[in-house]
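Participant: Can you keep this structure in mind? I'll have questions shortly.
The values are calculated or read from the model by the stated rules, or taken from the named source; none is laboratory data. Quick caveat: nothing in here was measured; it's all calculated off a predicted structure. Neighbour counts are summed over all protein chains in view; Cβ atoms, including those assigned to glycine, are modelled from backbone coordinates with ideal geometry. Protein only, heavy atoms only, side chains kept; ligands, DNA and RNA dropped before computing areas. Shrake-Rupley method; radii C 1.70, N 1.55, O 1.52, S 1.80 Å.
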Amino acid sequence: MVERRDKINYYLDIAQTVAERGTCLRRHYGAILVKNDEIISTGYNGAPRSRKNCIDLGHCLREKMHIPSGERYELCRSVHAEANCIISASRRDMLGATLYLACKNPATGELIPGSDSCSMCKRLIINAGIKEIVIRDTETDYRIIPVARWISNDDSLFEDEFCGCNESQK
């Protein structure tokens, strides 16, 4: 008898498939927003509508400038997967929803364990009223992060950027 995939990994599988649409040369993120067992919206990282993507240009400005991962996002052409997911959903549908997130290396296609939302996306997630975020680390392992933790630890949004930590290291 075939074992049925658990619901969390089912949604993470979908987020991972959404990540395949990513157009960033550094990372392919995929996000889906789920409420009451219904997919509300999806998002992947890519340039704003009608703008050229890094894959179309054949280069990444942040890479050309040797900017380390996790820094200087204002120079990135892409709208992040979480932001695109939030933009595509209505506020009433996001309240209390769960955001599922997966990140792949575009060069290898492998999952990137320890991935996390940047501080700007964390602020969007908080404001959208999303309850929790589930982040895939491996094909079966994931982390569940209650958004309330980001709210109660008010300085946490900035600590992540400056300490080089990810959520799994805390």
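Participant: Which residues, taken from region 79-120, are in a loop (DSSP other than H, G, I, E, B), of a type in the set (S, T, N, Q), closer than 19 Å to G22 by Cα and open to solvent by 20 Å² or more (accessible area, probe 1.4 Å)?
Facilitator: Start the filter on region 79-120 by keeping residues that are in a loop (DSSP other than H, G, I, E, B), which leaves 80, 88-90, 95-97, 105-110, 112-118.
Subset that is of a type in the set (S, T, N, Q): 88, 90, 105, 108, 115, 117.
Adding the requirement that they be closer than 19 Å to G22 by Cα leaves 88, 105, 108, 115, 117.
Scanning region 79-120 gives S88, N105, T108.
Participant: For L101, indicate whether it is at pLDDT 90 or above and under 14 Å from the mean Cα position of the chain (by Cα). So that I can check it myself, show each step before the final result.
Facilitator: Working: at pLDDT 90 or above: yes; under 14 Å from the mean Cα position of the chain (by Cα): yes.
The answer is yes for L101.
Participant: Going through R5, R27, R62, R49 one at a time, which residue ends up being buried (at least 18 other Cβ atoms within 10 Å of the Cβ) and farther than 17 Å from L99 by Cβ?
Facilitator: Numbers: R5 fails: buried (at least 18 other Cβ atoms within 10 Å of the Cβ); R27 fails: farther than 17 Å from L99 by Cβ; R49 fails: buried (at least 18 other Cβ atoms within 10 Å of the Cβ).
Sole residue among the options that is buried (at least 18 other Cβ atoms within 10 Å of the Cβ) and farther than 17 Å from L99 by Cβ: R62.
Participant: Given the conditions (1) outside any strand (DSSP E or B); (2) closer than 21 Å to R123 by Cβ; (3) in contact with an Asp or Glu (Cβ under 8 Å, 6 or more places away or on another chain), report the number of the one that L25 does not fulfil.
Facilitator: It fails just one condition, (2).
Participant: Hey, among I126, I144, which residue is modelled with pLDDT of 90 or more, surrounded by fewer than 16 Cβ atoms within 10 Å (Cβ to Cβ) and touching an Asp or Glu at 6+ places or on another chain (Cβ under 9 Å)? Even if it seems obvious, please write down each step before you answer.
Facilitator: Numbers: I126 fails: touching an Asp or Glu at 6+ places or on another chain (Cβ under 9 Å).
Of the residues listed, the single one that is modelled with pLDDT of 90 or more, surrounded by fewer than 16 Cβ atoms within 10 Å (Cβ to Cβ) and touching an Asp or Glu at 6+ places or on another chain (Cβ under 9 Å) is I144.
Participant: Run V34 past the list (1) in contact (Cβ under 8 Å) with a residue 40 or more places away in the chain; (2) over 12 Å from the mean Cα position of the chain (by Cα); (3) open to solvent by 70 Å² or more (accessible area, probe 1.4 Å) and report the number of the one that doesn't hold.
Facilitator: (3)
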